[in-house]
């Protein structure tokens, strides 16, 4: 585990003085230790909410509270933290029970998001707000190339509908072609059908996510065909 944590610390750009604190942040409750990462997750969630709030307050100095709240909500959530956790390959470092591991725990969005929050909480406890702020914002900016209301809330289904109505005079259909996995880890595969032809398909942990991803692929394809 030592070499593993060293690799993670290198990715974070931060070396823990108290290695036990990092281990606690990486310990899922299924691992059956006297400690787990839930308390650090609670702390990390609050810290990240503040960090992102201050970052957006400064970055968008003329935006109203409503817009800032929407942008923060799009970043400070399970999906957003899952993305940051995967950028660190955090799943490989988490301590899980064999049963949870065999059940695909290292790929669960909720588990990855919670572990990311816990690690941020641990850094805050040991190093303070400025250090964890620098680390978190660097990760956010690296994994969100453009942070704006338009880029974070782009509705690809609406964009695709506008494109297909303009080009074909019809709207697209979305067919669920497959669903896989147990109820707690369900994944849906959705195909975009335009005028009877399949243009793209994508998977997601909900039908809504899969539809948006499939629509995004179809939009890119149609825009490419039009250049």
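The values are calculated or read from the model by the stated rules, or taken from the named source; none is laboratory data. Just so it is clear, the structure is predicted and the values come from calculations on it, not from any experiment. Neighbour counts run over all protein chains shown; Cβ positions are idealised from the backbone, glycine included.
The condition of being assigned by TED's automatic domain parsing to the domain that holds residue 7, at pLDDT below 95 and under 18 Å from residue 143 (Cα atoms) holds for only one of 79, 69, that being 79. Only residues that are in a loop (DSSP other than H, G, I, E, B) and out of contact with any helix residue (DSSP H, G or I) (no Cβ under 8 Å at 6 or more places or on another chain) were counted across the stretch 196-225, and they come to 2. For the stretch 17-30, the condition holds for at least one residue, the condition being that it is farther than 16 Å from residue 120 by Cα and touching a residue at least 12 places away in the same chain (Cβ under 8 Å). Would you say residue 26 is touching a strand residue (DSSP E or B) at 6+ places or on another chain (Cβ under 8 Å), within 30 Å of residue 210 (Cα to Cα) and surrounded by 19 or more Cβ atoms within 10 Å (Cβ to Cβ)? In short, yes.
Only one entry of 131, 170 meets the criterion of being at negative phi and modelled with pLDDT under 95, and that entry is 170.
Filtered by the rule that a residue be in a helix (DSSP H, G or I) and over 15 Å from residue 217 (Cα atoms), the stretch 163-187 gives 165, 166, 167, 183, 184, 185. Against the list (1) closer than 18 Å to residue 31 by Cβ; (2) surrounded by 16 or more Cβ atoms within 10 Å (Cβ to Cβ), the condition residue 80 fails is (1). The helices (runs of 4 or more DSSP H) found wholly in the stretch 1-95 and carrying at least 3 residues that are closer than 18 Å to residue 133 by Cα and more than 20 Å from the chain's Cα centre (by Cα) occupy 38-59.
Residue 158 fails exactly one of the following numbered conditions: (1) surrounded by fewer than 14 Cβ atoms within 10 Å (Cβ to Cβ); (2) modelled with pLDDT of 85 or more; (3) closer than 25 Å to residue 192 by Cβ; (4) out of contact with any helix residue (DSSP H, G or I) (no Cβ under 7 Å at 6 or more places or on another chain). What is the number of that condition? Answer for residue 158: the failing condition is (2). Across the stretch 95-108, a minimum of one residue is classified as touching a strand residue (DSSP E or B) at 6+ places or on another chain (Cβ under 8 Å), outside the structural domain of residue 186 (by TED's automatic domain parsing) and either at pLDDT below 95 or over 16 Å from residue 181 (Cβ atoms) (or both). So, residue 225, is that one within 22 Å of residue 79 (Cα to Cα) and modelled with pLDDT under 90 or not? It is false that residue 225 is within 22 Å of residue 79 (Cα to Cα) and modelled with pLDDT under 90.
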